[in-house]
Amino acid sequence: MLRPARLSVLTALCLPLALCAPGLTAEPTCPPSAVMPTPEQLQEAARNARDRGALWRFERDSRHGYLYGTIHIANLDWAMPGPTVGRALREAETVAIEADPGDPATGAGIAAPQKPHEAPSLPAALLDRLRGQAARACEPWDTLESMPPLMIVTRLTLLDARWDGLHTNYSIEAVLAAFARRTSKNLALLETVAIQRAAIIAGSPAEQMLEIDRRLVALENGSARQAMAAIANAWAQGDLDTLRRLFAPPEARASRIDELHRGSQRVFAAAGILHMVGDGALQKLLAERGFKIERVPLGRRP
C-alpha cells in the first residue's frame, strides 16, 4: 500500500508537468523535455521510492523538527520521497522551503528586468553567445531577453542538465510545496524573493559581465553540465564529502528556522543541499543556536 506522503506526491508531480506540457517538443536536436508520467509510471516510482539527499533531526525545548537538503533539478525517481523522508513529512505540521516555485510571483520577481544602472551592457559578441546557448537549449529568446543576463545564463545552465535527464519540473522544492498544499500543511518560506534574486544577480555591472562570460565558457565546453550532474548525483547519494569539495556556501537560513520552531509547530525545513556543507553549514548554525541536531540515516537500496 502506498503511504499518504507518496500518494500526495503522485498528484503533486503532475502539476508542474501539466503546466509545461504544451511546450514539449519532439525535435531530436533539442535536449529531452520532461514528459507527463503515466499513472503506471507514477505508481512504479512510488513503489520503488528510496530515500535520497540528506536529512537531520533537530530538537530544542522538548520539540523536534527536520532539516532536509534539496536540489533544484531531479528526475521522477528522485522526486518521490522514500520511507524515512516520507515519515518526517507526515510528522511535520509546517513545511518550510527556500522559495515557492509554484507561486507565479516568485518567478516574476526573480526574473524581473534590472534597473538600467544595475545591469551590464553586454557587447554584441557576448549577447550572440547567450543567444547561441538559448538556441541550443531550444529556449525561445523572447522568453529570456527581458531577464537580467545573469538570470538568463543561470536558467540556461539548469536547462542544460536536461541532456542528463534532470529537470527543474521535478525540483524537490516544487514537490514539497505541492505536497504541503495537497495535505493542508502550513507552507512557510525561508527566504524572500529579494534574497533569492540577490543570490543570483550579484556584483557590479562589470563583475556581472565577467561572471556571465565564465558561465558561458562552462556551457560551451561542457563543464557546466558535468558539474550539475556531479552535484545532482552526490545529492542523490547524500554524499556531503563530494559536495563539500565542490562548493561550500557561507550563507544560511538558521534564523528563519529558529523563528518557525518558536511558533510551536513541528517543522520540516528544506534548503539546497549545498547549504549543508562547509563552515557555514546550516546544521552547524542550528547547533550554535542551541539545537540538538543529528543526521537521520536514510535507507539506501542497491
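Details
- Other-chain or far-sequence residues with amide H under 5 Å of Ala54's (modelled H): Gly69
- Backbone N within the stretch 222-247 under 20 Å of label point (7 Å from Ala287 Cα along the Cβ vector): 238-247
- Unit charges at the beta carbon, dipole of the stretch 162-292: most positive-side option, Val175, Ile273, Ala232: Val175
- With protein chains left intact and a 1.4 Å probe, residues in the stretch 153-255 average 46 Å² of accessible area per residue.
- R0 of 30 Å, Cβ-Cβ distance Asp142-Thr242: FRET efficiency to nearest 0.05: 0.20
- Karplus-based coupling profile of the stretch 211-223, in residue order and whole Hz: 5, 4, 4, 4, 6, 5, 4, 5, 5, 5, 9, x, 6, with θ = phi - 60° in 6.51 cos²θ - 1.76 cosθ + 1.60 and x standing for Gly or Pro.
- Helix 149-160 axis, angle to the chain major axis (alpha carbon atoms, nearest 10°): 70
- Magnitude of the charge dipole for the stretch 20-112, about its Cα centre and with charges confined to Cβ atoms of Lys, Arg (+1) and Asp, Glu (-1), is about 320 debye.
- Helix 172-182 vs. the chain, principal-axis angle (Cα, 0 to 90°, nearest 10): 50
- With contacts taken as Cα pairs under 8 Å and at least 6 residues apart, the chain reaches a relative contact order of 32 percent.
- Of the residues Ala135, Ala180, Ala271, the one that moves most in a GNM of the chain with alpha-carbon contacts below 10 Å is Ala135.
- Accessible area of the stretch 61-182 belonging to carbon and sulfur atoms, whole % at 1.4 Å probe: 54
- The accessible area of Asp241, taken with all protein chains in place and a 1.4 Å probe, comes to roughly 90 Å².
- Under 19 Å of direct C-alpha separation, and excluding same-chain neighbours fewer than eight residues apart, Lys292 reaches these aspartates and glutamates: Glu59, Asp61, Glu91, Asp258, Glu259, Asp279.
- Solvent-accessible area of Trp163 with every protein chain in place, 1.4 Å probe, in Å² to the nearest 10: 80
- Taking each residue as 0.36 nm, the span from Arg131 to Ala198 lengthens on full extension beyond its C-alpha to C-alpha distance by 21.7 nm.
- Spatially proximal aspartates and glutamates relative to Lys115 (Cα-Cα < 15 Å; intrachain offsets below 8 disregarded): Glu145
- Build a GNM of the chain with springs between Cα atoms under 10 Å apart, and of Phe58, Phe291, Phe179 the one that fluctuates most is Phe291.
- Averaging 1/r over every pair of different alpha carbons in the chain and inverting the result gives a Kirkwood radius of 20.1 Å.
- Long-range amide H partners of Ile73 with built H, under 5 Å: Ile172
- Packing order of peptides 118-130, 204-216, highest average first: 204-216, 118-130 (average count of other Cβ atoms within 10 Å over each peptide's residues).
- Cβ-placed point charges (K, R +1; D, E -1), dipole of the chain about Cα centre in debye, nearest 20: 1040
The values are calculated or read from the model by the stated rules, or taken from the named source; none is laboratory data. Since this is a predicted model, take the numbers as computed values, not measurements. Virtual Cβ from ideal backbone geometry, glycine too; neighbours counted across all protein chains shown. Surface accessibility is based on the protein's heavy atoms, side chains included, excluding ligands, DNA and RNA. Shrake-Rupley method; radii C 1.70, N 1.55, O 1.52, S 1.80 Å.
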